[in-house]
Amino acid sequence: MDNIIAITGATGFIGRVLAQRLSETGWRVRALVRAASYPKRPQDLAIEWVVGGLQDSEALQRLVAGTTAVVHCAGAVRGAAQQDFDRVNVEGTTHLARIAASQETAPRFLLISSLAAREPQLSHYAASKRRGEEALAAHAGDMFWGAFRPPAVYGPGDREMRPLFQWMFRGVAPLIGGDHSRVSLLHVEDLACAVISWLKNGRRPQQIYELHDGKQDGYSWQEIIEVVEQMRGKDIHRVHIPITVVDRLASINLLSRKVFGGMPMLTPGKVRELIHPDWVADNSQLSLETGWKPEVGLMEGLRNTFA
C-alpha cells in the first residue's frame, strides 16, 4: 500500500504547514478542499486535491480510500450559536470518522482538537471541541485513533495570535482581567513535528494528548510581554481593559451578526476563554510515548513569525 495520508483543513494555517512537512518526509498527501476554497489552495505543494465538504460522503470516500492515515485539521473557530461550531467540529468529525472506520483496512486517525476541550462549559467552541472528541471515540470502532489538544498555536500565517503580538511589537499590550492567568503556547512547526512523530511512533490507541512549547508551567501575560520587550529593545505600555468593556463589545458583536451576518470571533464565550486562569498544558504523555520534544521557544518562534 502507498504511504498516502488524508488531511482536512489543508488550506488553513495549521493544515498547510502540516501538508508541507508530510510531503517532505515522504508521505503522499491527499487533501479535502471545499469548492469555495479551491482557488486558495497552496500551489507549491504536491497534493492530490479532493473537492468537497465534510458532509459530502462521496468526497470523503475518495479522500480516505487506500490511505494509511487521516489527520482531521479542519475546524470552525468563529460563530455565534452552538450549531455554528457543531456543524464542522462535531458533525463533520462524526461523518469522517465513520467513513474512515468503514474502510477495509482502517487508517490511523488523528483529530486536531484544542486545549479548550478541557473546559467545555466555557464556550460553544470549547463544547464543540469536546463533543468532537467524543464523537470520534463513539464512531471509530476498532480504528486506531488519537486526539491532540494544542494550546494557542502561532507562526507564519496565523491570523488569531498574530494581531496580539503585532500590537505588542508596536508598543501596546492589551490585558484583559487579572494578572494571574497562565497559558501555554506552541509554534506551528512543533505541532507538525508532533503529528509526524505520533504517526510514526504512536503505540497506544484512543489517547488524548496535550502539547506545549516546552515551558512546563506556561506563561503569564507579563512574561510574554517581557519576551517581546527584549526583542524590540523598548518597553511596552500595558493597557488594562476591564472585563465589562470586553463583555459589552462581545454582546454588540452578537447583535451586529443578526443585522449584518458573518461569524464573529469575539463573543461572550470567547471572553470566558480569554479570562480563564489555567490554560497550561502537559506534554509528558506524548513525549513519553513518541519521543517528541518541542524545539521552538517563544523568542525564536516570534522571530520566525515576524521575519
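Identify the residues of segment 123-148 with backbone N under 20 Å of a label point that sits 7 angstrom from the Cα of ARG182 along the Cα-to-Cβ direction, or state none.
The answer is none, because no backbone nitrogen lies closer than 20 Å to the label point.
Among ASP282, ASP44, what is the fewest-to-most ranking by other Cβ atoms within 10 Å? If you can, show how the numbers build up before the last one.
On the way: ASP282 14, ASP44 6.
Least to most surrounded, the residues fall as ASP44, ASP282.
Provide the packing ranking of 107-114, 86-93, i.e. peptides ordered by the mean count of other C-beta atoms within 10 Å per residue, highest first.
107-114, 86-93
Counting other beta carbons within 10 Å of each residue's own, what order do MET161, MET299, MET143 fall into, fewest first?
Values: MET161 16, MET299 12, MET143 20.
If I rank by nearby Cβ atoms, fewest first, I get MET299, MET161, MET143.
Match the structure shown to one of the listed values (1) 183; (2) 131; (3) 152 of volume of the Cα convex hull per residue in Å³, computed from it, and give that label.
Computed from these coordinates, volume of the Cα convex hull per residue in Å³ corresponds to label (2).
For the chain, set up a Gaussian network in which alpha carbons nearer than 10 Å are linked by springs, and say which option among THR244, THR67, THR290 fluctuates the most.
Of THR244, THR67, THR290, the Gaussian network model singles out THR244 as fluctuating most.
Provide the gained length on full extension for the span LYS293 to GLU58, in nm with one decimal, where the gain is 0.36 nm per separating residue minus the Cα-Cα distance. Can you show the working numbers first?
Values: separation 235, 0.36 × 235 = 84.60 nm, distance 3.80 nm.
Stretched fully, the LYS293-GLU58 segment lengthens by 80.8 nm.
Among SER37, SER184, which comes first, then next, by fewest other beta-carbon atoms within 10 Å? Please list the in-between numbers first.
On the way: SER37 16, SER184 24.
By the 10 Å Cβ count, ascending: SER37, SER184.
Calculate the length of the line joining the C-alpha centroid of segment 118-152 to that of segment 262-297, in whole Å.
13
List the lysines whose Cα sits under 23 Å from the Cα of LYS270, skipping any in the same chain fewer than 8 residues away.
Here the lysines satisfying the reach criterion relative to LYS270 are LYS129, LYS258.
Taking the chain as a Gaussian network, where each spring joins two C-alpha atoms under 10 Å apart, which residue of GLY132, GLY157, GLY146 fluctuates the most?
Highest fluctuation of the listed residues: GLY157.
Multiply the residue separation of TRP167 and ALA137 by 0.36 nm, subtract the distance between their alpha-carbon atoms, and state the gained length in nm to one decimal.
Values: separation 30, 0.36 × 30 = 10.80 nm, distance 4.02 nm.
Between TRP167 and ALA137, full extension yields 6.8 nm more.
Here, each number is a calculation from the coordinates, and none is a lab measurement. This one's a predicted model, so the numbers in the text were calculated from it and none came from an experiment. Quick reminder, even Gly has a Cβ in these numbers, built from the backbone with ideal geometry, and neighbours come from all protein chains shown.
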